[in-house]
Amino acid sequence: MENSNQFSQAELAANKERIVTIFRNFGFEIKSIEVTAGPKISQYEIVLKAGVSISKVRNLEYDIMLSLAVTGMRMLAPILRKKAIVIELPNNNPIEVSLQSILTSNEFHDSPFDLPIVLGETFGNKNIIKDLAELPHLLVGGATGQGKSVFLHAIINSLLHKKRFEELKLVLIDTKNQQFSFYADLKNHFLARQSNGESQIISDTKMAVDTLNSLCQEMDNRYEILKQNNVLNLKEYNQLGKENLPYVVVVIDEFADLFAIAGKK
């Protein structure tokens, strides 16, 4: 199925022709190609003719990439239940994915997740929304300039758009004081209060360690509360109608630096 109304039909068609020609030059005949266009990368699902060895195609992956003359390519093979492989190629004119377009979508608004976060769009332009409550320890890695901080801001803004301040408290640790300072205006609403009553962005390493230790104690206390009330998670406890326990989400920028300085603690 082709889903490429927002993209250059000429580019997709040209890529299909190039793939057929290059595969034929390597001795691989193609039966059909289907395209699923994404905002930055498009998928080309290739069904090979009978007798073509997928393993031989995989062995020539880098040669095929060089022949296509693209900056990057990923090959997935084989596709279950099909004698097919998938090649992912970058679009010449990638389309930016707007965070606002997903946050204002019905899919996000009606999401049943406890802590929905926006991850982007799939091939075929379907929104990717996940539940942070189901993956409570999330490590974001990548080289400089690859969008780690942008992703952290997308997570925070996803939660702020979905949750009320009595349902969510944020602990923002930014030891370089570069990323989270403009969230300070949330101090009377979404930012968790420290033991001294202050509500601020944590930029001091010692305070960050103390805060994480206190959060470990809070986590242990909550486990005991859940145990005493015979419930498995925070959502079930809050449905009992007792005191409301908000979700606490900790976001640490430059975690590796913090770990290098205070890892033993």
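The values are calculated or read from the model by the stated rules, or taken from the named source; none is laboratory data. Remember, it's a predicted structure, so these values are computed and weren't measured experimentally. When we count neighbours, we look across all protein chains shown, and the Cβ atoms used for this are built from the backbone with ideal geometry, even at glycine. Surface areas here come from the heavy atoms of the whole protein model, side chains and all, with no ligands, DNA or RNA. Shrake-Rupley method; radii C 1.70, N 1.55, O 1.52, S 1.80 Å.
Quick one: Lys83 ticks every box in (1) farther than 30 Å from Asn127 by Cβ; (2) surrounded by fewer than 14 Cβ atoms within 10 Å (Cβ to Cβ); (3) touching a helix residue (DSSP H, G or I) at 6+ places or on another chain (Cβ under 9 Å); (4) not aromatic (Phe, Trp, Tyr) bar one, so which box is it?
(2)
Each row is one residue, and each column tells you yes or no for (1) more than 30 Å from Lys130 (Cα to Cα); (2) in contact with a strand residue (DSSP E or B) (Cβ under 9 Å, 6 or more places away or on another chain); (3) at pLDDT below 90.
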site: Ala10; (1), (2), (3): yes, no, yes
site: Phe23; (1), (2), (3): yes, yes, no
site: Tyr44; (1), (2), (3): no, yes, no
site: Ala50; (1), (2), (3): yes, yes, yes
site: Ser98; (1), (2), (3): no, no, no
site: Glu107; (1), (2), (3): no, yes, no
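Mind listing just one residue for me: the one in region 127-153 that is among the β-branched types (Val, Ile, Thr) and open to solvent by less than 60 Å² (accessible area, probe 1.4 Å) and, of those, farthest from Ile117 (Cα to Cα)? Walk me through it before giving the result.
Initially, region 127-153 is screened for residues among the β-branched types (Val, Ile, Thr), giving 128-129, 140, 144, 150.
Okay, now just the ones that are also open to solvent by less than 60 Å² (accessible area, probe 1.4 Å), so 128-129, 140.
On the way: Ile128: 9, Ile129: 6, Val140: 14 Å.
By that ranking, first place goes to Val140.
Listed residues Gln200, Gln178, Gln194; which is outside any helix (DSSP H, G or I), modelled with pLDDT under 95 and open to solvent by less than 40 Å² (accessible area, probe 1.4 Å)? If you could, list the steps in order and put the result at the bottom.
Numbers: Gln200 fails: open to solvent by less than 40 Å² (accessible area, probe 1.4 Å); Gln178 fails: open to solvent by less than 40 Å² (accessible area, probe 1.4 Å).
One residue alone meets the criteria, Gln194.
Of the residues in region 228-265, how many are of a type in the set (S, T, N, Q), open to solvent by less than 100 Å² (accessible area, probe 1.4 Å) and outside any helix (DSSP H, G or I)? Give the steps one after another, and end with the answer.
Just the residues of region 228-265 that are of a type in the set (S, T, N, Q), to begin with: 228-230, 233, 238-239, 244.
Filter once more, keeping what is open to solvent by less than 100 Å² (accessible area, probe 1.4 Å): 229, 233, 238, 244.
Narrowing the set further to residues that are outside any helix (DSSP H, G or I) leaves 229, 233, 244.
So the answer is 3.
Ala37 - would you say it is under 25 Å from the mean Cα position of the chain (by Cα), more than 24 Å from Val97 (Cβ to Cβ) and not charged (D, E, K, R)? First the steps, then the outcome.
Values: under 25 Å from the mean Cα position of the chain (by Cα): yes; more than 24 Å from Val97 (Cβ to Cβ): no; not charged (D, E, K, R): yes.
In short, no.
Give the residue, chosen from Arg58, Arg74, that is surrounded by fewer than 16 Cβ atoms within 10 Å (Cβ to Cβ), within 30 Å of Asp131 (Cα to Cα) and charged (D, E, K, R).
Values: Arg58 fails: within 30 Å of Asp131 (Cα to Cα).
Of the residues listed, the single one that is surrounded by fewer than 16 Cβ atoms within 10 Å (Cβ to Cβ), within 30 Å of Asp131 (Cα to Cα) and charged (D, E, K, R) is Arg74.
Which condition breaks for Ser214 when tested against (1) outside any loop (DSSP other than H, G, I, E, B); (2) open to solvent by less than 50 Å² (accessible area, probe 1.4 Å); (3) not basic (Lys, Arg)?
Here Ser214 meets the rest and fails (2).
Does Val171 satisfy the condition of being in a loop (DSSP other than H, G, I, E, B) and open to solvent by less than 60 Å² (accessible area, probe 1.4 Å)?
On the way: in a loop (DSSP other than H, G, I, E, B): no; open to solvent by less than 60 Å² (accessible area, probe 1.4 Å): yes.
In short, no.
Check whether at least one residue in region 94-112 is among the polar types (S, T, N, Q), in contact with a Ser or Thr (Cβ under 8 Å, 6 or more places away or on another chain), open to solvent by 30 Å² or more (accessible area, probe 1.4 Å) and under 26 Å from Leu12 (Cα atoms), and report yes or no.
The answer is no; no qualifying residue exists.
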